[in-house]
Amino acid sequence: MRMSYRIWDLHVHLSGVSGLTPEERATQLLRFADRMGMEKLCVYMGMKWSQDPSPADLIQQNSEVLRALKAHPDRLLGFVYLSPKHVETSLAELERCVANGPMVGVKLWVAQHCSDAQIDPIIKRAAGLKALIFQHTWFKVGGNYPGESNPYDLVTLAERFPEVPLICGHTGGDWEQGIRAIRHLPNVSTDLAGSDPTAGITEMAVRELGASRVIYGSDGGGRSFASQLGKVHGAAITEEQKHLVFGENLRRLLKPIMNAKGMKQ
């Protein structure tokens, strides 16, 4: 008999969802999450993205996520969206949204390769706050966006900060390459979100990285919750491993900052 899971989704956005305000979009996301039996969603980036956000854009997008968190504080967790191209603004946003606000993690996207040492002040301050750091990564056959990191960029960063937990977003898109790239780094976990629900991704990640380094995420609303949940529900792994992937690993990584903030898991 299938066991019940406490499902926490690592990777959710306010874009791709109907609604004119952050509050409306958050409510819509949770309506779908309830259908799928999901307990909490980690939300980052606002209602309209740019690949190379200005300081003002970063502030606006984070403010939109803060509004969503305020509307549903018991169901949503926030990650602050930062850019290594704007270190001063990013550090100020860490203070506003994490040190002095409710957010528990950091989201880094495509403006600047994470291998560039320009990112280091952000990583150091985030680590000091115990914020969980999520880096988007992708291997694109036609070439990445300017500044878009692939898993090897994350490897370079992880080797500079071996004590800091990092998450390889999307498992690099090309998940077979992505898993192989990061498997020697115990401080790097992988996020299952965003790629098509191809058979084998979860099994390979668990086999090569260990179940404790694999985390469920959906990339909703760009992807459906159902298709991404299917990667884990349908995987040929044990029930205990599914519990780890669906939520226990994420709760473990977030425990230091949630405890510091007095937030219950």
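The values are calculated or read from the model by the stated rules, or taken from the named source; none is laboratory data. Nothing here was measured: the structure is a model prediction, and the numbers come from that model. With ideal geometry, Cβ positions are generated from the backbone for all residues, glycine too; neighbour counts draw on all protein chains shown.
List of remarks:
- The number of residues in segment 16-35 being farther than 18 Å from Lys70 by Cα and surrounded by fewer than 16 Cβ atoms within 10 Å (Cβ to Cβ) comes to 4.
- Which listed residue, of Met3, Met38, is modelled with pLDDT under 95, in contact with an Asp or Glu (Cβ under 7 Å, 6 or more places away or on another chain) and not small (Gly, Ala, Ser): Met3
- Long-range neighbours under 7 Å by Cβ, at least six apart or interchain, first residue under 11 Å from Thr190 (Cβ atoms) and in contact (Cβ under 8 Å) with a residue 24 or more places away in the chain within segment 204-225, second in a strand (DSSP E or B) and charged (D, E, K, R): Ile215/Asp191; Tyr216/Asp9; Gly217/Asp9; Gly217/Asp191
- Taking segment 222-255 as the range and being surrounded by fewer than 19 Cβ atoms within 10 Å (Cβ to Cβ) and under 14 Å from Met36 (Cα atoms) as the test, the residues that pass are Ser224, Ala226, Ser227, Gly230, His233.
- In segment 146-265, counting only helices (runs of 4 or more DSSP H) that sit wholly within it, the ones holding 3 or more residues that are touching a Ser or Thr at 6+ places or on another chain (Cβ under 9 Å) span 151-160, 175-182, 201-209, 225-233, 249-261.
- Close pairs (7 angstrom Cβ cut-off, 6 or more residues apart or separate chains): under 17 Å from Val106 (Cα atoms) in segment 46-60, surrounded by 14 or more Cβ atoms within 10 Å (Cβ to Cβ) and β-branched (Val, Ile, Thr) anywhere: Gly46/Val65; Gln51/Val110; Pro55/Thr89; Leu58/Thr89
- Options Ser189, Ser218, Ser149: the member that is closer than 30 Å to Glu24 by Cβ, at pLDDT 95 or above and in contact with a strand residue (DSSP E or B) (Cβ under 7 Å, 6 or more places away or on another chain): Ser218
- From the options Pro102, Pro84, Pro121, residue that is touching a helix residue (DSSP H, G or I) at 6+ places or on another chain (Cβ under 9 Å), closer than 26 Å to Thr156 by Cβ and not in a helix (DSSP H, G or I): Pro84
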